Amino acid sequence: MSQDLEATLAEAKQKILACESAHALKDIERIYVGKKGVVAGLLAKIPGLPAAQRRDAGKTANQLKQAVLQAVTARQGELASSEIEAQRSGAGFDATLPPGRTVRGSLHPITQVTRELEDLFQSMGYQVLDGPEVELDYYNFEALNIPANHPARDSHDTFFCEGDGHLVMRTHTSPVQVRAMERLEPPYRIVVPGKCFRQETTDASHDHTFHQMEGLVVDKDISVAHLIGAMKTLLRGIFGRDLEVRLRPGYFPFVEPGFELDARCPFCDSGCSVCKRTTWIELLPCGLVHPNVLRAGGLDPDEWGGFAFGLGLSRLVMLRHGIDDVRHLLGCDLRFLEQF
């Protein structure tokens, strides 16, 4: 290394050792090895040198760069050690104190409710199943007694996947009913929690993505009384006490007869904002499985029967926690999620 470069390196090391902070050390590093620093200036002169000197000049410049970086790294370690030692020797330092608590996350409120309901239904003999979120049109509609020209399709606001039109984003968890009938040997009881998708205008009570839990029981001699008994057990598990329920006629192509199940408002006796001053809360659609759906699943409706229900998990979470806007549930706002 030439005498000039040796002098430059000695000067750089002296300045590095004199640095008392990481900020000052960074400035020195920038002066010598930055984009416009000393080393960059040496490399810029190499093209103007005779060909025989270029190789040695480049090698020397890189050696200077590596030596400066090594000195900077060493000084960084010394400054860090000095800072730790200063903290240890300061007043009030106690090496026996435990470290600060690690910030931990928590389960999403929908996940919490889903797991609670899964435990409840499993205690009642139900299996927990899953199904594809990108579903065949056949399972999402046709096998559920909703053919191509059926007006009920208009109310689903379906997302269709690109291609031949046979793939959709499932609009409900009901397709798993037929898939379960095809795969399982009756009798059986199943629940299916999961995401559903509908092309709806987003507001405080509607979102394009929401969560449901489908329930299906297939057995012999199933009646509406079995349905009501299961729903009362469900509500007791959710709200911790027995609630009065009522069935109102409702039309759903995949059940016959179909009902809307309401429960007495668990939050009031004379009417509140949750129940819209009626003392009743609309909870879920339900009914006895339509014979056409049983046939689509490969079952003989003269031998087997069943009931089905669809529970809105997003709505249930809103009821339990007094949430007034469904968009909070999928908004990823930590100020909201940290409350759970």
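The values are calculated or read from the model by the stated rules, or taken from the named source; none is laboratory data. None of these values were measured; they are calculated from a predicted model. Note: ideal-geometry Cβ built from the backbone for every residue, glycine included; neighbour counts use all protein chains shown.
Summary of computed values
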quantity	calculated
Breaking point among (1) closer than 23 Å to Ser205 by Cα; (2) over 32 Å from the mean Cα position of the chain (by Cα), for Lys276	(2)
Near pairs, Cβ below 8 angstrom, 6+ apart or cross-chain, from the stretch 133-148 (farther than 13 Å from Arg170 by Cα) to any residue that is aromatic (Phe, Trp, Tyr)	Asn145/Phe254; Ile146/Phe254; Pro147/Phe141; Ala148/Phe141
Thr102 under 30 Å from Glu6 (Cα atoms), out of contact with any Gly (no Cβ under 9 Å at 6 or more places or on another chain) and among the hydroxyl-bearing types (Ser, Thr, Tyr)	no
Any chance Val245 is under 30 Å from Asn140 (Cβ atoms), at pLDDT below 85 and out of contact with any His (no Cβ under 6 Å at 6 or more places or on another chain)	yes
Subset of the stretch 289-318 (residues that are among the aliphatic types (A, V, I, L, M), more than 22 Å from Lys195 (Cα to Cα) and either under 31 Å from the mean Cα position of the chain (by Cα) or surrounded by fewer than 21 Cβ atoms within 10 Å (Cβ to Cβ) (or both))	Ala296, Leu299
Single condition Gly237 does not satisfy, out of (1) modelled with pLDDT of 85 or more; (2) more than 20 Å from Thr279 (Cβ to Cβ)	(1)
Qualifying residue in the stretch 234-246 (condition: crowded, with 19+ Cβ neighbours inside 10 Å, among the aliphatic types (A, V, I, L, M) and under 22 Å from Val293 (Cβ atoms))	yes
Breaking point among (1) among the acidic types (Asp, Glu); (2) in contact with an Asp or Glu (Cβ under 9 Å, 6 or more places away or on another chain); (3) under 18 Å from Pro291 (Cα atoms), for Asp207	(3)
Pick from the stretch 210-233, criterion of a type in the set (S, T, N, Q) and surrounded by fewer than 16 Cβ atoms within 10 Å (Cβ to Cβ), ranking: nearest to Ile110 (Cα to Cα)	Thr233
Pick from the stretch 93-136, criterion more than 24 Å from the chain's Cα centre (by Cα), hydroxyl-bearing (Ser, Thr, Tyr) and in the same structural domain as Val217 (by TED's automatic domain parsing), ranking: nearest to Arg295 (Cα to Cα)	Tyr126
Phe254, sole failed condition from (1) at pLDDT 85 or above; (2) surrounded by 19 or more Cβ atoms within 10 Å (Cβ to Cβ); (3) out of contact with any helix residue (DSSP H, G or I) (no Cβ under 7 Å at 6 or more places or on another chain)	(3)
Residues of the stretch 137-160 that turn out to be in a helix (DSSP H, G or I) and either of a type outside the set (A, V, I, L, M, F, W, C) or more than 31 Å from the chain's Cα centre (by Cα) (or both), as a count	10
Residue among Gly194, Gly163 that is assigned to a loop (DSSP other than H, G, I, E, B) and surrounded by fewer than 21 Cβ atoms within 10 Å (Cβ to Cβ)	Gly163
